Amino acid sequence: MGECLTKIVISAINFRDGGPLSILQDLIGYLSNEMKDRYEIVLLVHSESLVPLDQRRFFDIIEFPDSVNSYSKRLYYEYYYFRKLSLKLKPHLWLSLHDMSPNVVSDIRVVYCHNPSPFYDVGLKEFFLDFRFFLFCKLYHFIYRINLKKNDYVIVQQEWLRGRFCKSYGLESDVVVVAYPEVESPTTAVKNNSDDCFSFFYPSFPRVFKNFEIVCEAVEIIEVENDFHDFKVLLTIDGTENFYSKSIFKKYSHLECINFIGRISRQDVFKIYETSHCLLFPSKLETWGLPITEAKRHGLPIIASDLPYAHETVGNYTKVDFFLPNNARDLANKMLRAIHSAEFPGNKAILPSKPFASGWSSLLKVILEE
C-alpha cells in the first residue's frame, strides 16, 4: 500500500452471512477493481475469510474475531476502541456498513442502515413468536439515535426508509442517501411445463414479519370455500427452523396444496424460479425484497404485499399485482386470478429524489463528494 494514498476505512465487523454480507462482498469487488490504485483501503471484519482470496492483497485487513459472538464487545469496539483506531489511521472516509454510528474521527463519516425493524408495528404476536425480533424493534430506535447526526451521510436502500429516518430522527433529506443495491442473478427465461399444475413459490427464512400465515390462510380459503386443489404453493420452511415456523407447520400442514420444502440452496432457489408460475411475496417489512428482483429477472409474475417497499423494489414491471398484507381473502382472489391467467395490473417506477445512487460507483461518488 502506498503511503501517500488517501485512506478509506470500511467497517463490517458484525457481518457473517445473508444480504449484508452480499453488500460487503459487492463493495469489496468494486473497490478491488476500480479504486485500489487511488485509495488505501482498510477493512474491519471479524474474519479475513469473508474477503475472496484473490482480492485480499488489495486491502489492509484488521480482524475482530470476537465481535460477532458478543454484543458487549461490539459496543466496546464501536463506541470506544474505534475512536482510538481512527486517530491512528487518520482516514478520509469511515464507512460503517452495519447500522451503528461509531465514535470516530474522520473527514467524512457515513453509516449504512440495513435494519428496518424500528419502523415495524410490533405487538404481542411478535413478543410470543419471536422475542428477539420484538427486542430488536424496541432497541434499534435507541441504537440508531446514537451518533446518527454526526454522520455526513446516512445510507438507506429505499425512499420510504429515507422518509422514516427523517421523521423519526430529525435528519435533513439531503443527508440521507437512497442507494439501490446491484443484484446479481442469472437471467433465465421461465421454462414452465404446461402439464404441471400451477405453482406459487415463496422463498424466505421464517421471521414473523415474513407473513407466511397469510399465504396459508389464503390457500385454506381456496381449498375449502372454492373446492379448488389444482395448484401448489412451495414454502421454504418445514417447521424445524424456529418457533414461528413450527407454529405455521402445526396449524397448516393439513393443507393439500402447500409443500413445506424447508431451507434450500441459492442454486435450488433459481431452479425453482425456472419451473414456477408465480412468486408470492407477502412480507410486511423489507429494506429491499431480493426475491422480487430475482423473479423479475426470470420473467415470473409476482403477487406482493401492497406496501411501499414492494412497489419500489418492483419498479417498472407489467406482470405484478399487489394485495392487502393482512387480508387473506384478497390474496386468495389474486392467486385465483393468476391461476386462471387473468392480466396483471403492473407497476410503474418512481425514482427517489436526490441524493440517489444505484450501485457502488455512483454511491461512492456521492459520499466522497467527487
Task: Tally, over region 102-142, of residues that are of a type outside the set (Gly, Ala, Ser) and either part of a helix (DSSP H, G or I) or within 28 Å of residue 249 (Cβ to Cβ) (or both) - done: 26
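Answer yes if at least one residue in region 210-226 is modelled with pLDDT under 90 and part of a loop (DSSP other than H, G, I, E, B), and no otherwise.
Checked against the condition, which is being modelled with pLDDT under 90 and part of a loop (DSSP other than H, G, I, E, B), region 210-226 yields no hits at all.
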Task: Close pairs from region 45-58: first more than 12 Å from residue 33 (Cα to Cα) and of a type in the set (S, T, N, Q), partner modelled with pLDDT of 90 or more and surrounded by 11 or more Cβ atoms within 10 Å (Cβ to Cβ), Cβ under 7 Å, at least 6 apart - done: 47/63; 47/65
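One line per residue, one yes/no per condition, for (1) farther than 26 Å from residue 120 by Cα; (2) more than 21 Å from the chain's Cα centre (by Cα); (3) not aromatic (Phe, Trp, Tyr):
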site	(1), (2), (3)
304	no, no, yes
307	no, no, yes
315	no, no, yes
323	no, no, no
331	no, yes, yes
337	yes, yes, yes
358	no, no, yes
Task: Residue that is nearest to residue 130 (Cα to Cα), among those in region 248-272 that are modelled with pLDDT of 95 or more and hydroxyl-bearing (Ser, Thr, Tyr) - done: 252
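To keep it simple, each residue is scored yes or no on (1) crowded, with 21+ Cβ neighbours inside 10 Å; (2) assigned by TED's automatic domain parsing to the domain that holds residue 358; (3) of a type in the set (Phe, Trp, Tyr).
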site	(1), (2), (3)
223	no, no, no
229	no, no, no
236	yes, no, no
243	no, no, yes
266	no, no, no
281	yes, no, yes
295	yes, no, no
313	yes, no, no
- [ ] Inspect region 42-60 for any residue being among the charged types (D, E, K, R), touching a helix residue (DSSP H, G or I) at 6+ places or on another chain (Cβ under 8 Å), within 23 Å of residue 155 (Cα to Cα) and surrounded by 14 or more Cβ atoms within 10 Å (Cβ to Cβ) and give the result as yes or no.
- [x] no
TODO: Being among the hydrophobic types (A, V, I, L, M, F, W, C) and surrounded by fewer than 22 Cβ atoms within 10 Å (Cβ to Cβ) is the filter; apply it to region 316-337 and report the residue that is nearest to residue 221 (Cα to Cα).
DONE: 328
Open item on the list: On the basis of being without any contact (Cβ under 8 Å) to a residue 60 or more places away in the chain, outside the structural domain of residue 214 (by TED's automatic domain parsing) and in contact with a Lys or Arg (Cβ under 9 Å, 6 or more places away or on another chain), does residue 344 make the cut?
Closed with: yes
Task: Cβ-Cβ under 7 Å pairs, at least 6 apart or on other chains, region 349-360 side farther than 23 Å from residue 26 by Cα, far side assigned to a loop (DSSP other than H, G, I, E, B) - done: 349/315; 349/316
TODO: Looking only at region 61-77, decide whether some residue is part of a helix (DSSP H, G or I) and touching a residue at least 40 places away in the same chain (Cβ under 8 Å).
DONE: yes
- [ ] For region 114-123, indicate whether the set of residues that are loosely packed, with under 14 Cβ neighbours inside 10 Å and at pLDDT below 90 is non-empty.
- [x] yes
Task: Set 300, 351, 307: member being under 26 Å from residue 198 (Cα atoms), among the hydrophobic types (A, V, I, L, M, F, W, C) and out of contact with any Phe, Trp or Tyr (no Cβ under 7 Å at 6 or more places or on another chain) - done: 307
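The values are calculated or read from the model by the stated rules, or taken from the named source; none is laboratory data. All values reported here derive from a predicted model rather than from experimental measurement. For neighbour counting, all protein chains shown are included, and Cβ atoms are generated from backbone atoms with ideal geometry for every residue, glycine included.
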